[in-house]
Amino acid sequence: CSGLTSIVIPDSVTSIGKGAFSHCSGLTSIVIPDSVTSIGEYAFSDCSGLTSIVIPDGVTSIEENAFSYCSGLTSIVIPDGVTSIGEDAFYCCSGLTSIVIPDGVTSIGNHAFSGCSGLTSIVIPDSVTSIEENAFSYCSGLTSISVDVNNPKYDSRNNCNAIIETETNILIAGCKNTIIPDSVTSIGNSAFSDCSGLTSIVIPDGVTSIGERAFKGCSGLTSIVIPDGVTSIGKYDFLGCSGLTSIVIPDGVTSIGECAFIHCSGLTSIVIPDSVTSIWEGAFLDCSGLTSIVIPDSVTSIGEGAFYGCSGLKEIRIPKGTRDKFCAMPELKKYENLLVEYTTPESEE
(Lines give C-alpha, C1' and ligand atoms only; values in the text may rest on other atoms or scores of the structure.)
Protein backbone atom coordinates (compact mmCIF):
# COMPACT_ATOMS: atom_id res chain seq x y z
CA CYS A 1 0.00 0.00 0.00
CA SER A 2 2.48 2.61 -1.22
CA GLY A 3 -0.08 5.45 -0.91
CA LEU A 4 -0.70 4.87 2.79
CA THR A 5 0.83 7.79 4.73
CA SER A 6 -0.51 7.24 8.26
CA ILE A 7 -2.48 4.74 10.32
CA VAL A 8 -3.88 4.59 13.84
CA ILE A 9 -3.64 1.20 15.52
CA PRO A 10 -6.26 0.87 18.29
CA ASP A 11 -5.39 -0.10 21.86
CA SER A 12 -7.21 -3.41 21.47
CA VAL A 13 -4.49 -4.74 19.13
CA THR A 14 -2.00 -7.07 20.81
CA SER A 15 -0.08 -8.35 17.78
CA ILE A 16 1.13 -7.03 14.42
CA GLY A 17 1.37 -9.95 12.02
CA LYS A 18 3.99 -11.07 9.55
CA GLY A 19 4.44 -8.55 6.72
CA ALA A 20 1.50 -6.43 7.91
CA PHE A 21 2.92 -3.12 6.62
CA SER A 22 5.68 -4.47 4.37
CA HIS A 23 6.49 -2.16 1.40
CA CYS A 24 4.24 0.65 2.66
CA SER A 25 6.79 3.13 1.38
CA GLY A 26 4.53 6.17 1.87
CA LEU A 27 4.06 5.57 5.59
CA THR A 28 5.85 8.39 7.42
CA SER A 29 4.71 7.80 10.98
CA ILE A 30 2.99 5.18 13.07
CA VAL A 31 2.11 4.87 16.73
CA ILE A 32 2.22 1.36 18.10
CA PRO A 33 0.01 1.18 21.21
CA ASP A 34 1.32 -0.21 24.51
CA SER A 35 -1.08 -3.16 24.18
CA VAL A 36 1.10 -4.67 21.40
CA THR A 37 3.40 -7.43 22.66
CA SER A 38 4.36 -9.02 19.37
CA ILE A 39 5.67 -7.61 16.06
CA GLY A 40 6.01 -10.25 13.34
CA GLU A 41 8.61 -10.93 10.69
CA TYR A 42 8.81 -8.30 7.90
CA ALA A 43 6.11 -6.28 9.71
CA PHE A 44 7.58 -2.93 8.60
CA SER A 45 10.10 -4.14 6.03
CA ASP A 46 10.82 -1.60 3.27
CA CYS A 47 8.80 1.19 4.91
CA SER A 48 11.35 3.63 3.52
CA GLY A 49 9.31 6.71 4.50
CA LEU A 50 9.34 5.94 8.24
CA THR A 51 11.69 8.26 10.11
CA SER A 52 11.18 7.14 13.71
CA ILE A 53 9.36 4.50 15.69
CA VAL A 54 8.83 3.61 19.34
CA ILE A 55 8.48 -0.08 20.16
CA PRO A 56 6.16 -0.70 23.15
CA ASP A 57 7.55 -1.99 26.45
CA GLY A 58 5.63 -5.26 26.20
CA VAL A 59 7.53 -6.43 23.13
CA THR A 60 10.24 -8.97 24.05
CA SER A 61 11.77 -9.75 20.68
CA ILE A 62 12.39 -7.98 17.38
CA GLU A 63 11.73 -10.59 14.74
CA GLU A 64 13.50 -11.38 11.49
CA ASN A 65 13.46 -8.47 8.99
CA ALA A 66 10.97 -6.54 11.14
CA PHE A 67 12.46 -3.18 10.06
CA SER A 68 14.77 -4.18 7.19
CA TYR A 69 15.24 -1.64 4.37
CA CYS A 70 13.66 1.18 6.41
CA SER A 71 16.23 3.53 4.90
CA GLY A 72 14.51 6.69 6.18
CA LEU A 73 14.57 5.55 9.79
CA THR A 74 16.83 7.88 11.79
CA SER A 75 15.89 6.83 15.30
CA ILE A 76 14.28 3.90 17.06
CA VAL A 77 13.68 3.15 20.72
CA ILE A 78 14.16 -0.48 21.74
CA PRO A 79 12.48 -1.15 25.12
CA ASP A 80 14.28 -2.75 28.06
CA GLY A 81 12.10 -5.86 27.85
CA VAL A 82 13.54 -6.96 24.49
CA THR A 83 15.79 -10.01 24.85
CA SER A 84 16.56 -10.81 21.22
CA ILE A 85 17.18 -8.88 18.01
CA GLY A 86 16.49 -11.22 15.09
CA GLU A 87 18.18 -11.93 11.80
CA ASP A 88 18.17 -8.91 9.42
CA ALA A 89 16.03 -6.99 11.95
CA PHE A 90 17.47 -3.60 10.88
CA TYR A 91 19.17 -4.71 7.67
CA CYS A 92 20.08 -1.74 5.40
CA CYS A 93 18.57 0.90 7.70
CA SER A 94 21.13 3.31 6.27
CA GLY A 95 19.60 6.38 7.94
CA LEU A 96 20.13 5.12 11.49
CA THR A 97 22.88 7.18 13.11
CA SER A 98 22.66 5.74 16.61
CA ILE A 99 20.95 2.94 18.47
CA VAL A 100 20.89 1.84 22.10
CA ILE A 101 20.88 -1.90 22.70
CA PRO A 102 19.19 -2.37 26.10
CA ASP A 103 20.75 -4.37 28.92
CA GLY A 104 18.21 -7.19 28.62
CA VAL A 105 19.23 -8.24 25.09
CA THR A 106 20.97 -11.63 25.06
CA SER A 107 21.22 -12.35 21.33
CA ILE A 108 21.85 -10.36 18.13
CA GLY A 109 21.05 -12.25 14.92
CA ASN A 110 22.82 -12.67 11.61
CA HIS A 111 22.92 -9.37 9.64
CA ALA A 112 20.83 -7.70 12.39
CA PHE A 113 22.46 -4.29 11.73
CA SER A 114 24.24 -5.14 8.48
CA GLY A 115 24.24 -2.27 5.98
CA CYS A 116 23.47 0.39 8.60
CA SER A 117 26.02 2.68 7.00
CA GLY A 118 24.96 5.72 9.05
CA LEU A 119 25.78 4.10 12.42
CA THR A 120 28.85 5.71 13.97
CA SER A 121 29.07 3.86 17.28
CA ILE A 122 27.78 0.74 18.96
CA VAL A 123 27.87 -0.42 22.58
CA ILE A 124 27.32 -4.09 23.43
CA PRO A 125 25.83 -4.54 26.92
CA ASP A 126 27.00 -7.20 29.38
CA SER A 127 23.83 -9.25 28.84
CA VAL A 128 24.65 -10.19 25.22
CA THR A 129 26.00 -13.74 24.97
CA SER A 130 25.32 -14.45 21.28
CA ILE A 131 26.33 -12.33 18.28
CA GLU A 132 25.84 -14.14 14.99
CA GLU A 133 27.97 -13.76 11.89
CA ASN A 134 27.68 -10.47 9.95
CA ALA A 135 25.67 -8.75 12.70
CA PHE A 136 27.52 -5.48 12.00
CA SER A 137 28.95 -6.09 8.52
CA TYR A 138 28.79 -3.30 5.91
CA CYS A 139 28.46 -0.62 8.62
CA SER A 140 30.91 1.65 6.81
CA GLY A 141 30.34 4.66 9.10
CA LEU A 142 31.33 2.92 12.35
CA THR A 143 34.14 4.68 14.20
CA SER A 144 33.59 3.29 17.69
CA ILE A 145 32.77 -0.21 18.94
CA SER A 146 32.82 -1.17 22.60
CA VAL A 147 31.72 -4.05 24.79
CA ASP A 148 30.70 -3.65 28.44
CA VAL A 149 33.61 -4.72 30.66
CA ASN A 150 31.33 -7.12 32.56
CA ASN A 151 30.29 -9.07 29.46
CA PRO A 152 31.23 -12.76 30.00
CA LYS A 153 31.40 -13.70 26.30
CA TYR A 154 32.83 -10.73 24.39
CA ASP A 155 35.30 -7.90 24.99
CA SER A 156 36.97 -4.86 23.45
CA ARG A 157 40.33 -5.38 25.10
CA ASN A 158 42.81 -2.50 25.12
CA ASN A 159 40.05 -0.19 23.81
CA CYS A 160 40.65 -1.74 20.39
CA ASN A 161 37.34 -0.57 18.82
CA ALA A 162 36.32 -4.12 17.96
CA ILE A 163 34.27 -7.04 19.26
CA ILE A 164 36.39 -10.04 20.26
CA GLU A 165 35.09 -13.42 21.38
CA THR A 166 36.94 -13.74 24.66
CA GLU A 167 37.43 -17.51 24.84
CA THR A 168 38.51 -18.06 21.23
CA ASN A 169 40.31 -14.73 20.62
CA ILE A 170 38.40 -14.29 17.34
CA LEU A 171 37.82 -10.69 16.21
CA ILE A 172 34.25 -10.80 14.90
CA ALA A 173 33.59 -7.12 14.13
CA GLY A 174 35.84 -4.14 13.55
CA CYS A 175 35.75 -0.59 12.17
CA LYS A 176 38.08 1.93 10.56
CA ASN A 177 39.60 2.83 13.96
CA THR A 178 40.28 -0.75 15.04
CA ILE A 179 43.70 -1.68 16.37
CA ILE A 180 43.94 -5.47 16.40
CA PRO A 181 45.41 -6.63 19.74
CA ASP A 182 48.37 -9.05 19.71
CA SER A 183 46.26 -11.63 21.55
CA VAL A 184 43.86 -12.06 18.59
CA THR A 185 44.43 -15.35 16.75
CA SER A 186 41.70 -15.18 14.12
CA ILE A 187 39.78 -12.58 12.09
CA GLY A 188 36.20 -13.73 11.60
CA ASN A 189 34.00 -13.80 8.52
CA SER A 190 33.08 -10.30 7.28
CA ALA A 191 34.85 -8.70 10.27
CA PHE A 192 35.77 -5.55 8.27
CA SER A 193 33.35 -5.94 5.33
CA ASP A 194 32.66 -2.64 3.52
CA CYS A 195 34.80 -0.67 5.96
CA SER A 196 35.59 1.81 3.20
CA GLY A 197 37.22 4.27 5.63
CA LEU A 198 39.89 1.75 6.62
CA THR A 199 43.17 2.92 5.08
CA SER A 200 45.66 0.77 6.97
CA ILE A 201 45.63 -2.13 9.40
CA VAL A 202 48.32 -4.18 11.11
CA ILE A 203 47.49 -7.86 11.49
CA PRO A 204 49.56 -9.22 14.41
CA ASP A 205 51.84 -12.22 13.98
CA GLY A 206 49.62 -14.35 16.23
CA VAL A 207 46.79 -14.42 13.66
CA THR A 208 46.61 -17.80 11.91
CA SER A 209 43.20 -17.55 10.24
CA ILE A 210 41.39 -14.90 8.18
CA GLY A 211 37.71 -15.66 7.52
CA GLU A 212 35.76 -15.27 4.29
CA ARG A 213 34.93 -11.70 3.17
CA ALA A 214 37.08 -10.38 6.04
CA PHE A 215 38.16 -7.22 4.16
CA LYS A 216 35.60 -7.26 1.35
CA GLY A 217 34.83 -3.75 0.07
CA CYS A 218 37.62 -2.01 2.02
CA SER A 219 38.23 0.31 -0.93
CA GLY A 220 40.43 2.69 1.08
CA LEU A 221 42.94 0.00 2.06
CA THR A 222 46.21 0.55 0.20
CA SER A 223 48.49 -2.17 1.55
CA ILE A 224 48.39 -5.16 3.86
CA VAL A 225 50.82 -7.73 5.21
CA ILE A 226 49.42 -11.17 5.98
CA PRO A 227 51.19 -12.91 8.91
CA ASP A 228 53.34 -16.00 8.37
CA GLY A 229 50.98 -18.23 10.35
CA VAL A 230 48.10 -17.83 7.87
CA THR A 231 47.80 -20.81 5.51
CA SER A 232 44.96 -19.78 3.21
CA ILE A 233 43.43 -16.64 1.68
CA GLY A 234 39.68 -17.05 2.07
CA LYS A 235 36.78 -16.70 -0.33
CA TYR A 236 36.07 -13.03 -1.26
CA ASP A 237 38.61 -11.86 1.36
CA PHE A 238 39.73 -8.74 -0.53
CA LEU A 239 36.92 -8.38 -3.08
CA GLY A 240 36.51 -4.75 -4.13
CA CYS A 241 39.67 -3.52 -2.40
CA SER A 242 40.28 -1.24 -5.37
CA GLY A 243 42.80 0.95 -3.53
CA LEU A 244 45.07 -1.98 -2.69
CA THR A 245 48.43 -1.47 -4.41
CA SER A 246 50.49 -4.05 -2.55
CA ILE A 247 49.94 -7.19 -0.52
CA VAL A 248 52.42 -9.61 0.99
CA ILE A 249 51.34 -13.25 0.90
CA PRO A 250 53.45 -15.35 3.30
CA ASP A 251 55.27 -18.53 2.32
CA GLY A 252 52.92 -20.68 4.41
CA VAL A 253 49.84 -19.99 2.28
CA THR A 254 48.74 -23.05 0.31
CA SER A 255 45.45 -21.84 -1.16
CA ILE A 256 44.16 -18.59 -2.69
CA GLY A 257 40.38 -18.73 -2.40
CA GLU A 258 37.56 -18.16 -4.83
CA CYS A 259 37.34 -14.48 -5.91
CA ALA A 260 39.87 -13.60 -3.19
CA PHE A 261 41.19 -10.52 -5.02
CA ILE A 262 38.34 -9.80 -7.43
CA HIS A 263 38.18 -6.14 -8.60
CA CYS A 264 41.51 -5.25 -6.92
CA SER A 265 42.28 -2.98 -9.86
CA GLY A 266 45.07 -1.12 -8.04
CA LEU A 267 47.29 -4.19 -7.73
CA THR A 268 50.14 -3.97 -10.26
CA SER A 269 52.12 -7.00 -9.10
CA ILE A 270 51.75 -9.89 -6.74
CA VAL A 271 54.10 -12.65 -5.63
CA ILE A 272 52.55 -16.09 -5.29
CA PRO A 273 54.74 -18.06 -2.88
CA ASP A 274 56.06 -21.55 -3.65
CA SER A 275 53.82 -23.03 -0.97
CA VAL A 276 50.61 -22.33 -2.93
CA THR A 277 49.08 -25.44 -4.50
CA SER A 278 45.70 -24.11 -5.63
CA ILE A 279 44.35 -20.89 -7.10
CA TRP A 280 40.56 -20.97 -7.04
CA GLU A 281 37.92 -19.70 -9.47
CA GLY A 282 38.05 -15.96 -10.12
CA ALA A 283 40.90 -15.46 -7.64
CA PHE A 284 42.29 -12.43 -9.51
CA LEU A 285 39.26 -11.63 -11.64
CA ASP A 286 39.27 -8.04 -13.01
CA CYS A 287 42.64 -7.16 -11.50
CA SER A 288 43.20 -4.90 -14.50
CA GLY A 289 46.34 -3.32 -13.05
CA LEU A 290 48.32 -6.57 -12.94
CA THR A 291 51.08 -6.54 -15.57
CA SER A 292 52.91 -9.77 -14.80
CA ILE A 293 52.37 -12.95 -12.85
CA VAL A 294 54.63 -15.85 -11.90
CA ILE A 295 52.92 -19.14 -11.12
CA PRO A 296 55.19 -21.31 -8.97
CA ASP A 297 55.92 -24.98 -9.61
CA SER A 298 53.90 -25.92 -6.51
CA VAL A 299 50.56 -24.92 -8.10
CA THR A 300 48.62 -27.96 -9.28
CA SER A 301 45.17 -26.42 -9.68
CA ILE A 302 43.98 -23.18 -11.30
CA GLY A 303 40.25 -22.48 -11.23
CA GLU A 304 38.11 -21.20 -14.06
CA GLY A 305 38.40 -17.46 -14.66
CA ALA A 306 41.25 -17.10 -12.17
CA PHE A 307 42.75 -14.25 -14.24
CA TYR A 308 39.72 -13.23 -16.27
CA GLY A 309 39.60 -9.48 -16.90
CA CYS A 310 43.30 -8.95 -16.11
CA SER A 311 43.55 -6.79 -19.22
CA GLY A 312 46.88 -5.23 -18.24
CA LEU A 313 48.78 -8.55 -18.20
CA LYS A 314 51.84 -8.53 -20.44
CA GLU A 315 53.76 -11.51 -19.09
CA ILE A 316 52.93 -14.75 -17.34
CA ARG A 317 55.46 -17.35 -16.25
CA ILE A 318 54.43 -20.97 -15.89
CA PRO A 319 56.62 -23.95 -14.87
CA LYS A 320 57.89 -26.06 -17.75
CA GLY A 321 56.04 -29.33 -18.17
CA THR A 322 52.81 -27.93 -16.77
CA ARG A 323 51.39 -26.32 -19.91
CA ASP A 324 48.00 -27.65 -18.93
CA LYS A 325 47.89 -24.84 -16.38
CA PHE A 326 47.86 -22.33 -19.19
CA CYS A 327 45.30 -24.41 -21.06
CA ALA A 328 43.11 -24.08 -18.00
CA MET A 329 43.17 -20.29 -18.46
CA PRO A 330 41.60 -19.73 -21.89
CA GLU A 331 40.69 -16.19 -20.87
CA LEU A 332 44.37 -15.22 -21.25
CA LYS A 333 44.69 -16.45 -24.82
CA LYS A 334 42.72 -13.52 -26.19
CA TYR A 335 45.22 -10.95 -24.90
CA GLU A 336 47.43 -9.64 -27.68
CA ASN A 337 51.19 -9.61 -27.16
CA LEU A 338 50.96 -11.62 -23.94
CA LEU A 339 54.30 -13.28 -23.31
CA VAL A 340 53.93 -16.80 -21.91
CA GLU A 341 57.23 -18.10 -20.57
CA TYR A 342 57.67 -21.68 -19.42
CA THR A 343 60.27 -21.79 -16.66
CA THR A 344 62.37 -24.77 -15.59
CA PRO A 345 61.58 -26.08 -12.10
CA GLU A 346 64.55 -26.31 -9.73
CA SER A 347 64.15 -30.09 -9.67
CA GLU A 348 65.01 -30.22 -13.38
CA GLU A 349 67.87 -27.75 -13.41
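For n ≥ 4 DSSP H runs only, could you compute -39500 (n - 2.57) per run for the chain, divide by its residues and tell me the 222 nm figure to the nearest 500? Walk me through the numbers before you get to the answer.
Numbers: 1 runs with 4 residues, N = 349.
0 deg cm²/dmol, from helical runs alone.
When the residues 253, 340 are ordered by accessible surface, computed with a 1.4 Å probe over the protein chains alone, the sequence from largest down reads 340, 253. Computed with the Debye formula from one identical point scatterer per Cα of region 56-111, without solvent, the log10 of I(q)/I(0) at q = 0.25 Å⁻¹ comes to -1.05. A cut-off under 15 angstrom between Cβ atoms defines the neighbours of residue 147, and their net charge, with Lys, Arg +1 and Asp, Glu -1, is -4.
Taking the square roots of five times each eigenvalue of the Cα gyration tensor of region 36-181, the equivalent ellipsoid has semi-axes of 24, 17, 12 Å, listed largest first. Multiplying the residue separation of residue 126 and residue 97 by 0.36 nm and removing their Cα-Cα distance gives an extension gain of 8.2 nm.
Would you mind putting 198-210, 116-128 in packing order, based on average other-beta-carbon counts within 10 Å, highest first?
Numbers: 198-210: 16.2, 116-128: 18.9.
Per-residue mean Cβ counts within 10 Å order the peptides as 116-128, 198-210.
Among 106-112, 260-266, 220-226, how do they line up by average Cβ neighbours within 10 Å per residue, starting with the highest? It would help to have the intermediate numbers written out before the result.
Details: 106-112: 20.9, 260-266: 23.0, 220-226: 17.6.
The most tightly packed comes first, giving 260-266, 106-112, 220-226.
One chain, two ends: residue 148 and residue 31. Fully extended at 0.36 nm per residue, the span grows by 38.9 nm beyond their Cα-Cα distance. For the chain, the longest stretch holding no trypsin sites (Lys or Arg not before Pro) located in a DSSP loop with at most 13 other Cβ atoms within 10 Å is which? In the chain, the maximal stretch lacking such sites is 1-313. Extension gain, residue 225 to residue 185: 0.36 nm times the residue separation minus the Cα-Cα distance gives 12.9 nm.
Of 176/314; 153/176; 216/314; 235/314; 18/176, which sit over 31 Å apart, Cα to Cα?
Numbers: 176/314 35 Å; 153/176 23 Å; 216/314 27 Å; 235/314 26 Å; 18/176 37 Å.
Long pairs (Cα-Cα over 31 Å): 176/314; 18/176.
Give the dimensionless ratio obtained when the Cα radius of gyration of region 262-319 is divided by 2.2 N^0.38 Å. Could you put the intermediate results ahead of the total?
Working: Rg = 10.5 Å, N = 58, 2.2 N^0.38 = 10.3 Å.
Region 262-319 yields a ratio of 1.02.
Applying 1/(1 + (r/R0)^6) with r as the Cβ-Cβ distance of residue 52 and residue 246 and R0 = 51 angstrom yields a FRET efficiency of 0.65. Other residues whose C-beta falls under 15 angstrom from the C-beta of residue 23 contribute a net charge of -1, scoring Lys and Arg +1 and Asp and Glu -1. Note on residue 42: accessible area is roughly 80 Å² with a 1.4 Å probe, heavy atoms of protein only. So the label point goes 7 Å from the Cα of residue 83 along Cα→C-beta, right? Which residues of region 1-42 then have their backbone N under 17 Å from it? In region 1-42, the label zone of residue 83 (backbone N under 17 Å from the point 7 Å along Cα→Cβ) covers 37-39.
Legend: P(r) of the chain from all alpha carbon pair distances, 20 Å bins from 0, whole percents, reading 29, 44, 23, 4, 0. Globularity index of region 125-165 is 1.14 (Cα radius of gyration / 2.2 N^0.38 Å, N = number of residues).
When all alpha carbon pairs of region 163-235 are counted in 10 Å bins from zero, the resulting P(r) reads 22, 60, 18, 0 %.
Would you mind counting up the charge near residue 34? Only other residues with Cβ under 10 Å from its Cβ, with Lys and Arg at +1 and Asp and Glu at -1. Don't jump to the answer; show the numbers that get you there.
Working: positive: none; negative: 11, 57.
Counting the neighbours of residue 34, the net charge comes to -2.
The values are calculated or read from the model by the stated rules, or taken from the named source; none is laboratory data. Computed from a prediction, not measured in an experiment: that's the story for all the values here. Backbone-built Cβ (ideal geometry, glycine too); neighbour counts: all protein chains shown. Heads up: the accessible areas ignore ligands, DNA and RNA and are worked out on the full protein's heavy atoms, side chains in. Shrake-Rupley method; radii C 1.70, N 1.55, O 1.52, S 1.80 Å.
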